[in-house]
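Each remark here refers to the structure printed beneath this line.
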Amino acid sequence: MKVLVTGGTGYIGSHTVVELIEQGYEPVIIDNLSNSKIKVLDGIKAISDIKPRFEKFDICDIESLDKFFENNRDIKAIIHFAAFKAVGESVEKPLLYYYNNLVSLMNLLRAMKKYNIANIIFSSSCTVYGDTEELPVTENSPVLPAQSPYGNTKQIAEEILSDHAASHKDFNSISLRYFNPIGAHPSAHIGELPIGEPENLVPYITQTGIGIRKELQVFGNNYNTPDGTAIRDYLHVVDLAKAHVVALKRLIDRSNKRNYEVFNLGTGKGVSVLEMIESFNRVSGLSLNYKIVDRRPGDVEKIWADTSYSAKELRWETESSLDEAIKTAWDWEKRLAKEK
Ligand code: NAD
Ligand code: UFG
């Protein structure tokens, strides 16, 4: 079965493509390579023995998208990863984020109607819960005002999907609210490839460990948490990728309860920044160089998932431990260093 994976050469997309191939699906990737590299396809081939079909264009370009679907009438489902994701950049360039993240979705939804494609999985984020007081957050926790234009694109996209589902009974959709994906494929053939200085914690840690960065800045140690540093729910990207295959099966065999559903994808466990550093030290045998600095504007204090609904409905739970996930991130960083 052919599945369109938008953003399939990106971080989460590439790991999902590997899992799709493993489960017998035929992923077809569209990516404009704005935040990924074509050589990711070689990494996928090294793992799966198959180089997935790839088309390079921008999904905001409706004519190219139309041409694509004209030539691929047998696509049965879409997994939509393609979006811009840098929170800080979205504050500086909100229109870029609203345009790319929402026009891409609108184009896909219109094409789905035109070409009779029923199923779509959307990459959402725990950022939709904003600065929540309810912990852990359940899928029914309130969606609070967005902390950034990026977060707002995810909230609006979810509303678009929900409204569209309400008016189109034959449309089938799932939003997956990711918590913090980390790590790489255990083969170290694919992983996160941050362009420029990483914004996210784990690539910053591994780049510091390998010597690309001088030290990690820990953003704040005066939060209301046991060690004062902020808490997140970090899950292994391979576990996250597997959840997409589960959600896809749910849509295709129509075992979904409603035609728009939302699931949290996390471990259910909150981990502080200092605990992340300790894990890295355990795994690498190094002692990471870090210093405490001011809080980063826009950061929430703590958030982790209530995973009971996804465990019950999707029968999906994370399998990797934190140390295992960090080890794969470290192996990937070492692999990148060797290739240089
Ligand atoms: P990524 O940047 O590695 O992958 C996104 C891919 O989409 C990139 O390869 C990029 O080139 C492509 N792309 C972007 N706009 C495009 C367009 N208009 N047309 C074609 N291709 C386009 O990001 P990721 O970490 O793999 O994230 C995937 C999705 O998950 C995104 O929607 C992101 O917002 C969401 N998400 C990510 C995280 C995270 O921490 N990584 C957390 C929550 C949600
Ligand atoms: N952190 C540091 N130093 C760094 C980088 C991060 O101390 O150099 C801290 C942050 O302050 C935060 C934690 O590490 O407490 C995690 O930060 P990340 O940037 O890795 O992740 P965020 O939780 O801020 O954001 C991620 C994604 C967003 C998404 C959000 C919620 O990057 O796209 O999760 O899903 F919106």
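The values are calculated or read from the model by the stated rules, or taken from the named source; none is laboratory data. Predicted, not measured: the structure shown is a model, and the values here were computed from it. Here Cβ is always computed from backbone atoms with ideal geometry, including for glycine, and neighbour counts include all displayed protein chains.
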Wholly within segment 25-90, which strands (runs of 3 or more DSSP E) include no fewer than the required count, namely at least 1 residues that are closer than 17 Å to GLY7 by Cβ and within 16 Å of ligand 2 (Cβ to nearest atom)?
75-80
Within segment 184-218, tally of residues that are touching a strand residue (DSSP E or B) at 6+ places or on another chain (Cβ under 7 Å) and either free of Cβ contacts under 8 Å to residues at least 12 places away in the same chain or more than 16 Å from ligand 1 (Cβ to nearest atom) (or both)
5
Which of the residues that make up segment 169-190 are closer than 21 Å to LEU248 by Cα and away from ligand 2 (no atom under 16 Å from the Cβ)?
LYS169, ASP170, PHE171, ASN172, SER173, ILE174, HIS185
Among the numbered conditions (1) in contact with a Phe, Trp or Tyr (Cβ under 8 Å, 6 or more places away or on another chain); (2) buried (at least 18 other Cβ atoms within 10 Å of the Cβ), tell me where GLU261 comes up short.
(1)
Is it the case that segment 236-255 has a residue that's in a helix (DSSP H, G or I), in the same structural domain as THR206 (by TED's automatic domain parsing) and small (Gly, Ala, Ser)?
no
Exactly one of ASP323, ASP294 is at pLDDT 95 or above and closer than 24 Å to ALA243 by Cβ, and that one is ASP323
If I ask for residues that are more than 15 Å from SER90 (Cα to Cα), within 15 Å of ligand 2 (Cβ to nearest atom) and without any contact (Cβ under 8 Å) to a residue 40 or more places away in the chain, which ones from segment 142-168 would you list?
VAL143, LEU144, PRO145
Exactly one condition in (1) buried (at least 23 other Cβ atoms within 10 Å of the Cβ); (2) not assigned by TED's automatic domain parsing to the domain that holds ILE117 is not met by SER187; state its number.
(1)
Using the structure shown, decide if LEU336 is surrounded by fewer than 20 Cβ atoms within 10 Å (Cβ to Cβ) and within 25 Å of ALA86 (Cα to Cα).
yes
